[in-house]
Amino acid sequence: MKRDLLKTASFAVLHFGVAFTVAYALTGSVAIATGIGLIEPIANTIAFYFHERAWRRVDGKASSRNNAAAICCGVLKAG
């Protein structure tokens, strides 16, 4: 979980920079670019965190299914 939070934080910093730069290039306003640069990445960062967690859960379920199939077929021993 600590890695998820660290990865999320680095993504947030990167995303703020991109959002600010694009908004400033489009509007020429530091105030508007700052607002967009803060609001949009915060929402996206929260979504990214849960996206990562969901993929970890999917990966875990796939691994469990693969192990169950291997045990069923006698490739792995249960327990």
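The values are calculated or read from the model by the stated rules, or taken from the named source; none is laboratory data. From a predicted model like this one, the values you see are computed outputs, not experimental measurements. Here the Cβ positions follow ideal geometry from the backbone for every residue, glycine too, while neighbour counts run over all protein chains shown.
Within the set of pairs 6 or more residues apart or between chains, which connect a residue that is crowded, with 16+ Cβ neighbours inside 10 Å and among the hydrophobic types (A, V, I, L, M, F, W, C) inside the stretch 40-55 to a residue that is assigned to a helix (DSSP H, G or I) and modelled with pLDDT under 85 with Cβ atoms less than 6 Å apart? Taking only residues 6 or more apart or on different chains, the pairs are 48/11.
Residue count for the stretch 9-34, restricted to those that are part of a helix (DSSP H, G or I) and loosely packed, with under 15 Cβ neighbours inside 10 Å: 14. Summed over the stretch 25-79, residues that are modelled with pLDDT of 95 or more and among the acidic types (Asp, Glu) total 0. Sub-7 Å Cβ pairs linking a first residue in the stretch 6-26 that is farther than 15 Å from residue 43 by Cα and free of Cβ contacts under 8 Å to residues at least 60 places away in the same chain to a second residue that is among the aliphatic types (A, V, I, L, M) and surrounded by 12 or more Cβ atoms within 10 Å (Cβ to Cβ), at least 6 apart or interchain, are 23/32; 23/33; 23/36; 24/30; 24/33, ordered by first then second residue.
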